Amino acid sequence: MVFAISDAYTREQDVITFQVGEATLSTLTDVHSRNTPANLIGATPEILRKYAPEGVYPAAINAFLARINGKTILIDTGLGQKLKDNLRSLGTDPEQIDAVLITHAHGDHIGGLLDSSGKPAFPNADLYFSKAEHDYWKAVSGKSNALFLKIVEAYGDRLKLFVPSEPEPSNLPLAGIRALSTPGHTPGHTAFLLESDGSKLLVWGDLTHATAIQLPHPEVAITYDVDPAQAVATRAKVLEYVAENKIPVAGMHIAFPSVGDVRKNDGQGYLFSPFCTCLGI
Ligand SMILES: [Zn+2]
């Protein structure tokens, strides 16, 4: 059972906290947006008329904070624009973060890892990358990996590489969190499964960018996918996994409150139900 701890929230606020067993998960939003479908691959005019009738779909750029088994764990860092303010609103200082887990190394996920002087923004945290993601960005040519290389250097021996697996996620050295291999958007893209007191929740990174369109139509990809065909196959697998097992999800680009349920849709694909509908959102 997952529910919002506080009902004193407004539409599209930057921080909201959910209970997952005895753990909590907080959405930390950098950006609320309405995106045009220009970058989608395979979204037919019929699909867009039905699922983006105003020519835009809701989206966001989120990080998440998990408090689980006595640890304070950040999952991605967004662009880093509002991250520290959002953490502060939860009474958390950067020094208190024990670990940062990264779903993949795009700039809207690793943007908050360094402070303005290039030092680690989380001085006491271990930094977790999947080995495949790390190796991919190390080898990329050109300047697209400049930030990644700076981060790797700054975190030094606090960088921890792990190997995610599927269909069952692999253990991490952090109690209550496991790593599910979800390649396609990037080669080492990883989702993180939280488990506490019989409750589960999957933080699925960039499994969707246009949730309102890609749940009913998981075959729609986006130009940011490194391998769009693999991203589509992974999305189909993970949607089936969470719907079958009734595991709620949280997504880095799902619009506020960014946490909800996935169910099979009778007609086509899947449906996403955010966990705040009871309050009229
Ligand atoms: Zn992203």
*If we scan segment 58-66, do we find a residue that is of a type in the set (Gly, Ala, Ser) and part of a loop (DSSP other than H, G, I, E, B)?*
no
*Are there any pairs, at least 6 apart or on different chains, whose C-beta atoms fall under 7 Å, with the first in segment 238-264 and in contact (Cβ under 8 Å) with a residue 24 or more places away in the chain and the second within 16 Å of the ligand (Cβ to nearest atom) and of a type in the set (Asp, Glu), and if so, which?*
Met252/Asp76; Met252/Asp206; His253/Asp206
*In the set Asn69, Asn39, which member is under 23 Å from Asp206 (Cβ atoms) and either modelled with pLDDT of 95 or more or within 15 Å of the ligand (Cβ to nearest atom) (or both)?*
Asn39
*Pairs, first touching a residue at least 60 places away in the same chain (Cβ under 8 Å) in segment 181-209, second acidic (Asp, Glu) and buried (at least 21 other Cβ atoms within 10 Å of the Cβ), C-beta under 6 Å, six or more apart*: His185/Asp206; His185/Asp225; Gly188/Glu133
*asked:* Which residue is nearest to Asp225 (Cα to Cα), if the candidates are limited to segment 39-57 and must be touching a residue at least 60 places away in the same chain (Cβ under 8 Å) and in a loop (DSSP other than H, G, I, E, B)?
replied: Gly42
_Residues that are within 20 Å of the chain's Cα centre (by Cα), modelled with pLDDT of 95 or more and surrounded by fewer than 19 Cβ atoms within 10 Å (Cβ to Cβ), drawn from segment 73-88_ = Leu79, Lys84, Asp85
*Determine, yes or no, whether Ala231 is in contact (Cβ under 8 Å) with a residue 12 or more places away in the chain, small (Gly, Ala, Ser), surrounded by 18 or more Cβ atoms within 10 Å (Cβ to Cβ) and not in a strand (DSSP E or B).*
yes
*Every pair of residues 6+ apart whose Cβ atoms lie under 8 Å, when the first sits in segment 103-122 and is in contact (Cβ under 8 Å) with a residue 60 or more places away in the chain while the second is among the aromatic types (Phe, Trp, Tyr) and near the ligand (Cβ under 10 Å from one of its atoms)*: His106/Tyr224
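Condition check ((1) at pLDDT below 95; (2) out of contact with any helix residue (DSSP H, G or I) (no Cβ under 7 Å at 6 or more places or on another chain); (3) on the phi > 0 side of the Ramachandran plot) across all residues:
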site: Glu168; (1), (2), (3): yes, yes, no
site: Arg178; (1), (2), (3): no, yes, no
site: Ala210; (1), (2), (3): no, no, no
site: Tyr241; (1), (2), (3): no, yes, no
site: Ile247; (1), (2), (3): no, yes, no
_Among (1) within 16 Å of the ligand (Cβ to nearest atom); (2) modelled with pLDDT of 95 or more, there is one condition Thr92 misses while meeting the rest; what is its number?_
(1)
*asked:* Just to be sure before I move on: is Gly184 within 16 Å of the ligand (Cβ to nearest atom), at positive phi, in contact with a Ser or Thr (Cβ under 6 Å, 6 or more places away or on another chain) and at pLDDT 95 or above in the structure I sent?
replied: yes
_Residue in segment 239-268 that is nearest to the ligand (Cβ to nearest atom), counting only those that are farther than 22 Å from Tyr57 by Cα and of a type in the set (A, V, I, L, M)_ = Val242
*Identify all residues within segment 158-179 that are of a type in the set (Val, Ile, Thr) and more than 21 Å from Asn69 (Cα to Cα); write none if there are none.*
Val163
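The values are calculated or read from the model by the stated rules, or taken from the named source; none is laboratory data. Note that the structure is a prediction, hence the values are computed from the model and not measured. Don't worry about glycine lacking a Cβ; one is built from the backbone with ideal geometry, like all the others, and counts go over all protein chains shown.
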